[in-house]
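Below is one structure; the comments refer to it alone.
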């Protein structure tokens, strides 16, 4: 089969379309003819040699797929050849064929194209895990979502709004309208505004009950200062750096703040299967009715993968960047 391969760790131009052995499904897996996949920050990190795939996973980039089942493992009973599915995989999405555990495959909603469906699994599973499983956001609470116009950010806005929470986001000014249309009550320009001051002003000095962060170190103090009592901070990435210095820890103790980091790629098969089922129960009818939607910034043919990676690293996108596999 054809697949996007890496000449050597480094810049986007090291990606190229080459030949790779077609995977075969294990007893609990299905083989999918990939019609579309999506870019994630993890892909750019792996390309640079900074994020190796988990043991046993395909070394090919790509953490989510949408396509058609062409073969099923001997233990699979819930799917059949010809079914249209999407789902999260630990690697192998930038290819003509990929395998996925049957328990992690999801039916493509009837109103979504392959390209749209490819933009669902990673961001909605990540956002759902952070908001529902870890942060346990409740109706009537408030949440601050950093990078609100990112793929996970746009999914998180929709999930938090559906729960009945008050949603605040940070994003550059040109991305505010998208966040507001999705359900955010207030969009804060992190380039020109102090998000801590804005959050406290819009919550009457109380702070938010939950916060999703991708920046980490440089935001830590402001994040702590932006929290309400019993607030929960979920850190999903370390884009701003690893080391925070001279942080006043008093808010953690005084306000009983809980800070938890989370990744998804290296979780167990059982964990991801349970998460997939819970997301399906919570979200799939909402996709069918149009209440939920993947926010797609752009679609590239997979022969343009270098340009797609360059575009992601320029931070210009609002929502997902998709690769159409031909």
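No value in this document is a laboratory result; all are computed from the given coordinates. All values derive from a computational prediction rather than experimental measurement.
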Under a Gaussian network model of the chain whose springs join Cα atoms within less than 10 Å, the largest fluctuation of 126, 289, 245 belongs to 245
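Using Cα pairs closer than 8 Å and at least 6 residues apart in sequence, work out the relative contact order for the range 228-317, in percent.
Taking the mean separation of contacting Cα pairs over the length of the range 228-317, I get 24 percent.
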Over all directions, the average projected area of the alpha-carbon convex hull for the range 124-261 comes to how many nm²?
7.3 nm²
Nearest 10, in degrees from 0 to 90: the angle of helix 269-289 to the longest Cα principal axis of the chain is 80 degrees
Distribution output for the range 227-279: share of Cα-Cα pairs per 10 Å bin in percent, first bin at 0, values 19, 36, 29, 16, 0
Over the chain, what is the relative contact order in whole percent, taking alpha-carbon pairs under 8 Å and six or more residues apart?
18 percent
Only Cα pairs within less than 10 Å get springs; with that Gaussian network setup on the chain, which residue of 150, 226, 58 has the largest fluctuation?
58
Which semi-axis lengths, in whole Å and largest first, follow from the square roots of five times the eigenvalues of the Cα gyration tensor of the range 174-326?
30, 21, 19
Go ahead and set up a Gaussian network model of the chain, Cα springs under 10 Å, then flag whichever of 212, 233, 259 fluctuates most.
259
Once all Cα-Cα distances of the range 1-120 are split into 5 Å bins that start at 0, what whole-number percent is in each one?
2, 13, 22, 24, 19, 12, 6, 2, 0
Whole-number Å³ per residue for the convex hull built on Cα positions in the chain:
126 Å³
With angles folded into 0 to 90 degrees, how steeply does helix 151-163 sit against the dominant principal axis of the chain? Use alpha carbons for both and round to 10.
60 degrees
All Cα pairs of the range 260-315, percent lying beyond 13 Å:
75 percent
With N denoting the number of residues in the range 201-248, provide Rg(C-alpha) divided by 2.2 N^0.38 Å, to two decimal places.
1.15
For the chain, what is the mean residue ellipticity at 222 nm derived from helices alone (per DSSP H run of n ≥ 4: -39500 (n - 2.57); sum divided by total residues; nearest 500 deg cm²/dmol)?
-7500 deg cm²/dmol
Across the range 109-154, what fraction of all alpha-carbon pairs, as a whole percent, falls in each successive 5 Å bin from zero upward?
5, 18, 23, 24, 14, 11, 4, 0
Compute the distance from the alpha-carbon center of the range 261-326 to that of the range 148-167, in whole Å.
14 Å
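Could you work out the relative contact order of the range 124-261, using alpha carbon pairs under 8 angstrom and six or more residues apart, expressed as a whole percent? Intermediate values should be presented prior to the final figure.
Details: 276 pairs, mean separation 28.2, N = 138.
Once divided by the residue count of the range 124-261, the mean separation gives 20 percent.
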